[in-house]
Amino acid sequence: MENMLTVSEVTRSYGISARMLRHYEKLGLMSSERKEGYAYRVYRPEDIQRLRQILVLRKLRLSLKEIGEILNDPGPATAISVFEKNLAQMDEELKALNAVHDVVSEFLKALKKRHALPAGEVILQDSQLMALAEALSPSSTLIQEERRNIVEKLEQTEQAGRRITDVRIVHLPESDVAAAHMTGDDPEDRAGRMIAGFARETKLWEKHPGLRLYGFNHPGPVDDTGWHGYEFWITIPDGMDVPAPLEKKHFPGGTYAAHMIQMGNFEEWAWLDEWVKKNGEYEYAGSGNPEDMFGSLEEHLNYHDHIAETTEGEPQTQQLDLLIPVKRKKK
């Protein structure tokens, strides 16, 4: 065990979640091992080095697919190709952003000259301004928005100072749920297959077209060995029976701060948590209990279609909503 780190030690040292580690392993980006006489997985120095490489490349806006291609190539050819392609894309983004910058500057000058008039009237009546704006390609605006989001993220640190702007406030409806809880290795996959089997056997998507799938870290015994767990909830119709080993539970619903991510981007939990702490209108309303992830949830989006379209295994989810319970601040 000398020089080897447990899951808990790695997550604390590098500020990432256990689930993100397991996701990287599932994609073949890195590995861990189980030592004889020790029940839990550990990471060797070479595994940690690979993790550090992944985290650095993620900061450079590389996709997990591109990272895998680079790290699995013993030479530099793949990395050169990926970076050349990304630099070319950035050059195009910068050109589009500069074009938008010039148009916005002209709009600002015109508005300052005619500040007594409504902004909409100034813009619509100025044929030169309209011509400039209409000359922009549709992609320019999209690139500007993407660039703004990227710049905001790059300018922030990886720590609590980071923030996101695409947060929604949603109300999740009250519902009965079928719950599957697993601990040990690959708890998400095992619990997910159990839920998927139940949904297929009952054709749940026909009985309950509004079905939704939630999940959260549920570790069981918490210690430094890295024992981790996960629990899935799938909503069911009122009065529906649930076969063992699934459990029937009641989800009270509630108000949540929601942020959508692509599967694997679990570092964005920290950004959403920071938004909850610093926004002026809502405050945290969680359970305070680490056993249920403090009341936070991960919703697997469009599970209705995913489960109806697949015949075996856990359906692959591409997008998740991260959900933190909140309530409106008292004035």
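Each value in this text was obtained by applying a stated rule to the coordinates, not by laboratory testing. These numbers were taken from a predicted model, which means no experiment stands behind them. Glycine also receives a Cβ, built like all others from the backbone with ideal geometry; neighbour counts cover every protein chain displayed.
FRET efficiency for the Asn86 to Glu46 pair, using the beta carbon distance and R₀ = 45 Å, is estimated at 0.95.
What FRET efficiency, computed as 1/(1 + (r/R0)^6) with R0 = 51 Å and r the Cβ-Cβ distance, is obtained for Tyr14 and Arg168, rounded to the nearest 0.05?
0.95
The phi-based Karplus calculation (6.51 cos²θ - 1.76 cosθ + 1.60; θ = phi - 60°) puts the 3J(HN,Hα) values of segment 97-106 at 5, 5, 5, 5, 4, 5, 5, 4, 4, 5 Hz, whole numbers, x for Gly and Pro.
Distance between the modelled labels on Asn3 and Leu94, one decimal in nanometres: 4.2 nm (7 Å Cα→Cβ projection). Between rounded, prolate and oblate, where does segment 262-302 land on the alpha carbon gyration tensor, with a ≥ b ≥ c its root eigenvalues, rounded for a/c under 1.5, else prolate if a/b exceeds b/c? It comes out oblate by the Cα gyration axes.
In terms of surrounding Cβ atoms within a 10 Å radius of their Cβ, Leu297, Leu27 rank from fewest to most as Leu27, Leu297.
Could you tell me which of rounded, prolate or oblate describes segment 168-328, using a ≥ b ≥ c as the square roots of the eigenvalues of the alpha-carbon gyration tensor, with rounded for a/c under 1.5 and, failing that, prolate when a/b is larger than b/c and oblate otherwise? Taking the square roots of the gyration eigenvalues as a ≥ b ≥ c, segment 168-328 is prolate. Ranked by how many other Cβ atoms sit within 10 Å of their own Cβ, fewest first, the residues His171, His181 fall in the order His171, His181. Each of Met263, Met30 was scored by other Cβ atoms within 10 Å of its Cβ. Arranged with the fewest first, they read Met263, Met30.
The slack between Glu312 and Leu108, meaning 0.36 nm per residue of separation minus the straight C-alpha distance, is 67.7 nm.
For the pair Glu267 and Asp238, a Förster radius of 51 Å applied to the C-beta separation gives a FRET efficiency near 0.85, rounded to the nearest 0.05. Residues whose amide H lies under 5 Å from that of His228, counting only those 5 or more places away or on a different chain, are Gly184; hydrogens are built 1.01 Å from N in the peptide plane.
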